[in-house]
Structures are given as structure tokens and as C-alpha cells.
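Chemist: Supplied in C-alpha cells, the structure appears directly below.
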């Protein structure tokens, strides 16, 4: 994972600088080859701490794979400053917010032990195992958590700040054209070093937090939600929102960049882009509080969606449409220049209609208790794609407001949903065009089980 992460950083830094013509031939071809490796960077082992970072590296890499053409270099600075580096910046801030939420959990754990055993605050206090085995055991747990917090909070926050500052610096410099590909050796050390430091600090921190939990040190006074995707051809996008006391909810800072939960073992015929295999983690977890709202959107994940999200746009005469520079799940378009044609050939894929149905069981089985029942909504299409053909979505979003009582929530805090979905796409292009010039309609279906669990953390 570290090697792939570093490759991603090389790609982002290297192709994100305005270039002089003589530098293009010597630098970009290698980057175009390496960018294909990015499809492996977000793996089934990615954690919620590192996944937003890695997802943004993939998006940036895919958008820039066409940058070998000197004639298109004039747009590169604008593309970076307007699109991809903003997405990278958002993902870094998301990761920083999530790690800060986990640090707060550790701080709350320390407070829990001190409230229960006030003498723990005394610097010379050391309970005897034989005299008070309960206090001795909790004191060991308290010390382990306190040490983790005190030794890692400052380095982790500093690494996140350095990474945010590095992205800001790169965006400003690339926008003003103050360095070139010939400066890459110097600039790589600047950005690459900061990002890699954050990535390593995050993975180290998560290991320590996980060990504290697995070894029984955590008093488990906090809560977390675990999302599991058992569907072979559906992808889910998870966010957490907190109540504001006025009856409204605000999406948490650590899920403004929705966390994707991919199929565990997608069939190869469901994928159109190599290398084929899992596109990311099939399960994730996120910290929550009582009364929070869990928001989960669903989308079919068949060969068309796989192409839209993961296809590298490359070739000596190929460039993406500007709307495809931010790579998501709802639009892909590129054009190919043909010497004997005055106008380029355009290829475009876009979902136009998505319909889903949900069946609940387990603790989600409707029992008339509306306080615990999840609700299904339809996302306005313009929220996901505000251009191109109209996008209509039906029942694609689940919203579940958690009970306010912790014990009641834990008693009824897990459930299953079986989802069926069908997506209709418009494919417009040379290979798809009908004699009438109308786009070809492609259908894609998905079905499977989503599992949501609430547990003490």
C-alpha cells in the first residue's frame, strides 16, 4: 500500500505543474504508465482514515492521464486549481477531521477513567495489583490510552496541517505558473514528503487505536457504525450528520467527502477496466453519537459505472471534456481527434434514470416504531450532476436517525437491507450512434444486501 500511495503522489505532483514543451516528452510518458497502477491504490484494506486520501489520488490521476499533448498544456493550470487540487484538499481535510474525531474519543476515554478513579491524576499514584486488582487493571488501560493520546495528537495534527498547507502552496504556485517540470525534483520533496508523512502518521495512529480496542483498554463509552456491502454489483456512499438542536442536521466534517463502500468480490463481467478486482474496501466504520443521522446512497456498479469511474482517458489524440476532470460516478466524456475530420469524435456515458427498492429485516424490519425505522428518499439529480441529460433518481438514499438512548440504540442498532436497482444510461459516440443520431440506451442492474451495525467503541 505504501508503494502505491507514493506512486500516486508522484503522479499528482508531477503532472500538476505547468510545463515547458521540452520537458513534456521526457517526463509524462512514464507518468501515464504509472497512473494505471492507481487503480490498485484504494484496496479492500483501506481504512476510513486513509481512504479519502487514496480516493482523491485516483480521481486526480485518472483526470490527468491525457496530459501528454503539448497543445493541451495551456489548460492544465486552470484544471488543477479549479478541479482536482480542490478535491485533494477536501480529502485531506476530511481525513484530518476524522482523525481529530478519533483523538477526541481517546481524550474522552482518559476523562472516563479519571472520573471513575480520581487518584489516577496523581503523578505518584500506582495501585497495587494484589490490593486492588480492579483499579490496577483500569490504571493500566488509562495509562495506555493517555500515552497514545499524548504522544500522537500533536504529531498527527501537525502532519495534517502540513499536508493542507502543501496542497494550498501547490495550487497557488501552479495557478501563477511559478514552477515547471524542470523543478520537479525540488517540488516533489516538498509535497510528496508532507503527504507521505500524513499517510504514515494516520496508519500508525489507526493501528494504535485498533490495538487499544482489541486489547480491551477502551472503556467502550463511545459508539461507531460498521457498514458492510455484500452486494456484488452495488456501491454505497456513507455520510454522518449531527443534529444542531433546531431540528436540522449538518453533515459531519469527516464525511463531507462521502465514504465509498465497494462490492467485496465483483464478478469480472461487472467491470470494464483493467486490472479487474475489488475497487476498494467492502466494509468501513465511522464514529457516531446517539441521535446522529446515518445517510447511505446506493448506485449500481456494473461495467458502465465501472468505466465512468475508473477508465483512464489517454492517447495521442484523446482529451476529456472539462466536465470529466472531476472523476465521479455520474458522467464520463472525451473526444478523439481524427486527422481527416474537422470536428473531433465525441464519446459520452451518463446515467439518466436510476430506480431502487429496499426491503428491511433484522432490527430494521418495520414494527411501527417510527423512531427506529429508516426512511427512503430520492436524491435530486442536480445534486450529483448539474449538467448534461437530466438525471432522475428514485429511492436511492436511506436516512436513519439513531435513537437518543444509547442502550436502546445498541439493542436495536443493527439491520439488513436487500436492495434491487436498475440504471439506464445514455451512450453517445461513434460506436453507439444510431442512424438517427440518437444515443444508445444501456441498462445495468444490481442486487444485494447492505448490513449496518452499531457497537460500543
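Bear in mind these aren't lab numbers, they're just calculated from the coordinates by the rules spelled out. What you are looking at is a predicted structure, and each value in this text was computed from that prediction instead of being measured. Please note: Cβ atoms are built from the backbone with ideal geometry, for glycine as well, and neighbour counts cover all protein chains shown.
Chemist: With a cut-off of 8 Å between alpha carbons and a minimum separation of six or more residues, what is the relative contact order of the stretch 262-332 in percent?
Modeler: 31 percent
Chemist: Right, another one. Checking a compactness column here: for the stretch 223-456, what do you get for Rg(Cα) / (2.2 N^0.38 Å), N being the number of residues?
Modeler: 1.13
Chemist: So how far apart, in nm, are the two label points at residue 342 and residue 451 if each is 7 Å from Cα heading toward Cβ?
Modeler: Simple spin-label model gives 6.1 nm for this pair.
Chemist: For the stretch 437-457, list residues with backbone N below 15 Å from a point placed 7 Å from the Cα of residue 269 toward its Cβ?
Modeler: Inside the label zone: 443-447.
Chemist: Another one. Could you work out how far apart the two model spin labels at residue 357 and residue 307 are, taking each label as a point 7 Å from the Cα in the direction of the beta carbon, and quote it in nm?
Modeler: Simple spin-label model gives 2.8 nm for this pair.
Chemist: Here is a further query. For q values of 0.14, 0.15 Å⁻¹, compute log₁₀ I(q)/I(0) with the Debye formula on a Cα-only model of the stretch 252-348, without solvent.
Modeler: -0.69, -0.76
Chemist: Within a 10 angstrom radius of the beta carbon, how do 273, 209, 298 rank from fewest other beta carbons to most?
Modeler: 273, 209, 298
Chemist: Between residue 230 and residue 119, what's the calculated FRET efficiency when r is the beta-carbon distance and R0 is 45 Å? Round to 0.05.
Modeler: 0.40
Chemist: Mean separation of Cα pairs under 8 Å and 6+ residues apart, divided by the residue count of the stretch 223-456: what relative contact order is that in percent?
Modeler: Relative contact order for the stretch 223-456 comes out at 24 percent.
Chemist: How many nm separate the modelled label positions at residue 276 and residue 438, each set 7 Å beyond the Cα in the direction of the Cβ?
Modeler: Placing both labels 7 Å beyond Cα along the Cβ direction yields 3.2 nm.
Chemist: Here is a follow-up. Tell me, what is the FRET efficiency for residue 129 and residue 169 to the nearest 0.05, using R0 = 41 angstrom and their Cβ-Cβ distance as r?
Modeler: So, using R0 = 41 Å, E works out to roughly 0.20.
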